[in-house]
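The values are calculated or read from the model by the stated rules, or taken from the named source; none is laboratory data. This is a predicted model, so every value here is computed, not measured. Cβ: placed from backbone, ideal geometry, glycine included. Neighbour counts: every protein chain shown. All accessible areas refer to the heavy atoms of the entire protein, side chains included, with ligands and DNA or RNA removed. Shrake-Rupley method; radii C 1.70, N 1.55, O 1.52, S 1.80 Å.
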Amino acid sequence: MPYDHRNTARRTLALVLAATGCCAVLAGCGASQASPPTGKSGQSPQSPQSPTTGHASATASRPPLASASPQPALSLAGRTVVIDPGHNPGNFRHSTEINQKVNIGTNRKECDTTGTSTNAGYTEASFTLDVSHRLRDLLTARGATVVLTHDAERPWGPCIDERARIGNAARADAVVSVHADGSAVGHRGFHVILPASVRGGSADTAKIVGPSRELGERIADRFARATGTAPANYLGDGTGLDVRDDLGGLNLSTVPKVFVECGNMRDPKDATLLTSATWRQKAAQGIADGIATYLKG
Ligand SMILES: [Zn+2]
């Protein structure tokens, strides 16, 4: 799907305004602050620091029973959302297992990676579990059925192909894979990764490219608004969106799915945000609002 730059400019402006909190003037204002991208991401340096231990697994949390009159809060009743906490805190102990190659349709790729960390040692795997738990609780409170692909109850993985299968098997209305980037210092901000149109082997994203883009745009808007964080300044032309064809978790999905890179763990300023529980709650809120808006909940 070609990328529409006119849209990009409008989206960039809307996102920057959302991030700087002056949503009220969205309709009118002309000034844009978005700076064009400078770098390239997605290459998480393999340097885990301290792992965390986890609990039990791929559990589906059911919403409370609806009272007589449906509560507006339960706006996601009947909806299933799969949350994929990126990596696993135990992966660094299982390099043989996570380095085995799995089939992602178009080619074969490592089962999983360890993920990155901040310079002070806060691991991406800990970050993704924390945000995923907060997101699960927010969505469950709105009545959704939430499935986690793992909850650190297993020593490593799941592999990227199994993560996609869990979303497909749940017939999820939306799947979000939670991550944080490991890019150069000065590369700041969040981005949402959308599936490219891919066809090869067991991969065929034709049906999910459109709905995943809509899901991704909603999440980017709401993430900027909830966190006050600007979109990535190193990719996506300031739109906060990136389209990729090399991620098995997207290529093998048959339901709407995106990855959210919440910020750059290797940038000191971003790391200050990512290590803050208050900011992580806002990040989860932004993703939950984006999902709910997409599901019209
Ligand atoms: Zn990651």
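Looking at (1) within 16 Å of the chain's Cα centre (by Cα); (2) on the phi > 0 side of the Ramachandran plot; (3) open to solvent by 40 Å² or more (accessible area, probe 1.4 Å); (4) not basic (Lys, Arg), find the lone condition where GLY201 falls short.
(1)
I'd like to check something: does the stretch 224-233 contain any residue that is open to solvent by 30 Å² or more (accessible area, probe 1.4 Å), closer than 22 Å to HIS87 by Cβ and charged (D, E, K, R)?
Checking the stretch 224-233: not a single residue is open to solvent by 30 Å² or more (accessible area, probe 1.4 Å), closer than 22 Å to HIS87 by Cβ and charged (D, E, K, R).
Can you tell me which residues in the stretch 168-181 are of a type in the set (Val, Ile, Thr) and either in contact with a Pro (Cβ under 9 Å, 6 or more places away or on another chain) or open to solvent by 10 Å² or more (accessible area, probe 1.4 Å) (or both)? Break it down into steps so the answer makes sense when it comes.
Going through the stretch 168-181, the residues of a type in the set (Val, Ile, Thr) turn out to be 175-176, 178.
Within the stretch 168-181, VAL175, VAL178 meet the criteria.
Out of all the residues in the stretch 182-197, which are surrounded by fewer than 22 Cβ atoms within 10 Å (Cβ to Cβ) and of a type outside the set (Lys, Arg)?
Residues of the stretch 182-197 surrounded by fewer than 22 Cβ atoms within 10 Å (Cβ to Cβ): 184-186, 188, 196-197.
Result: ALA184, VAL185, GLY186, ALA196, SER197.
Any chance the stretch 59-80 includes a residue that's modelled with pLDDT of 95 or more and not in a loop (DSSP other than H, G, I, E, B)?
The answer is yes, given that some residue of the stretch 59-80 is modelled with pLDDT of 95 or more and not in a loop (DSSP other than H, G, I, E, B).
Of the numbered conditions (1) surrounded by fewer than 24 Cβ atoms within 10 Å (Cβ to Cβ); (2) in contact with a helix residue (DSSP H, G or I) (Cβ under 6 Å, 6 or more places away or on another chain), LEU252 satisfies every one except a single condition; which is it?
It is condition (1) that LEU252 fails.
Only residues in the stretch 92-114 that are under 15 Å from ALA164 (Cα atoms) and hydroxyl-bearing (Ser, Thr, Tyr) count as the first member; pair them with residues that are within 14 Å of the ligand (Cβ to nearest atom) and outside any loop (DSSP other than H, G, I, E, B), Cβ under 9 angstrom, at least 6 apart or cross-chain, and list the lot.
Within 9 Å, the pairs are THR106/GLY248.
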